[in-house]
1. Where nothing but the Cβ of Lys and Arg (+1) and of Asp and Glu (-1) is charged, how large is the charge dipole of the chain around its Cα centre, in debye to the nearest 20?
2. Thinking of region 123-170 as a set of Cα atoms, what percent of all their pairs are more than 17 Å apart?
3. Any chance you could list P(r) for region 120-225, counting all Cα-Cα pairs in 10 angstrom bins from zero, rounded to whole %?
4. Once you've got the GNM for the chain with C-alpha springs shorter than 10 Å, pick whichever of A30, A102, A187 has the biggest mean-square fluctuation.
5. Out of A187, F262, V15, whose Cα points farthest toward the positive end of the dipole of the chain (charges: +1 Lys, Arg; -1 Asp, Glu; placed on Cβ)?
6. Please give the contour-minus-distance gain from M209 to V45: 0.36 nm per residue of separation, less the Cα-Cα distance, rounded to one decimal in nm.
7. Which length gain, in nm to one decimal place, applies between S219 and L313 when the Cα-Cα distance is subtracted from 0.36 nm times their residue separation?
8. Compute the projected area of the convex hull of the Cα atoms of region 89-160, averaged over all viewing directions, and report it in nm² to one decimal place.
Amino acid sequence: MAPVVGTRELSRPAVVALQTLAIAACYFGAGRLGLLRRLSVESAVFTPIWPPTGVAVAALLLLGISSWLGIALGALLVVLSLSSFSSFQASAVGIVAGNTVAPICAYLLLRGVRFRSDLSRLRDGLALVFLAALASMMISATVDVALLVATDKLAPDGFWPVWLAWWVGDAMGVLIVTPVILMLYAARAPVRLSRWKEAAVLLVVACVMVPLATRSSISLLFLIYPLLIWAALRFELPGSLVCALFASVMATVAATEGVGPFDRLSHTEVMIKLQAFNGTMALTALLLSAVITEQRNTRRSVELACQELVQVLEHLTAGNPSPRPPPPEADERG
């Protein structure tokens, strides 16, 4: 028994170390992926969608508070990739701290309201939007932009435009990336798709409609919303999230290239238009699918309760003897 216990005690630190390295690698990879598409506002470069925040919040929800070390290590690697080690300044430590504390606050707030990672209730979708994305990401945006001003890398009058862009980019990472990771984690093979023909049609329509809407010189971004509604109504959370992720990526590519509805716009106008589109689209996909899922779960619960009630009534009826006809009345004789 002693060797077994010793092996388990030794394996625990190894598992934690591997888990930390895996989280750091995912965070760093998501950061490098997000940096492929950048925008500039007030001479500050930012990403319209910052995927590492979504990776960090999902890691905390799935693996617990011990994931903070991997998040901090991943944030440090991203900062080091943007500047050489010799030019590493103390302000970078503050940026790493801000990018670590914000997801932790999101996790604590979600745990405080008993958040469910399957997003099967409307309250879970609202909590992810307002607590994890909008409220908690204010921390990272405030800390990071304040450090840029303090180190004279940004003029004080440019604080609020850059802060808004930074905040929305971090929030979009939570709104788009976190639900997708939670959905993939809960998926179990083999995936049975009963409406595969309709799914194939939706995929083809999305592959045609989304590039057309995001790259056409005519403003056709509104055409994407019927696709989101279709995906949410028929395929609930998985369909709406995949559609929203694809549309957001295509819109971000078009915005950074300055084509389609983002042509001939200033950097600030591109940022406002792109963030407004991504934000409303993510909210539509997340909240609508949560409402539909909650309603369907409620209907299934009611149907199950009715079936159980019918079974109970049949059991009670089978146990009672059949009623006997009343005896014939005696003839009255005068």
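The values are calculated or read from the model by the stated rules, or taken from the named source; none is laboratory data. Keep in mind that this is a model prediction, so the values were computed, not measured. Because the Cβ atoms are built from the backbone with ideal geometry, glycine has one as well, and the counts that use them run over all protein chains shown. Quick note on the areas: whole protein, heavy atoms, side chains included, nothing else; ligands and nucleic acids left out. Shrake-Rupley method; radii C 1.70, N 1.55, O 1.52, S 1.80 Å.
1. Values: 24 positive and 20 negative charges, 118 e Å.
With Lys and Arg at +1 and Asp and Glu at -1, about 560 debye.
2. Working: 415 of 1128 pairs.
When every Cα pair of region 123-170 is considered, 37 percent fall beyond 17 Å.
3. Taking every Cα pair in region 120-225, the percentages come to 12, 23, 31, 24, 8, 2.
4. Among A30, A102, A187, the largest mean-square fluctuation in the Gaussian network model of the chain belongs to A187.
5. In the chain, that residue is V15.
6. On the way: separation 164, 0.36 × 164 = 59.04 nm, distance 3.00 nm.
So the extension gain works out to 56.0 nm.
7. Working: separation 94, 0.36 × 94 = 33.84 nm, distance 6.02 nm.
Full extension of this stretch gives 27.8 nm more.
8. Values: hull surface 21.1 nm².
The orientation-averaged projected area of the Cα hull of region 89-160 comes to 5.3 nm².
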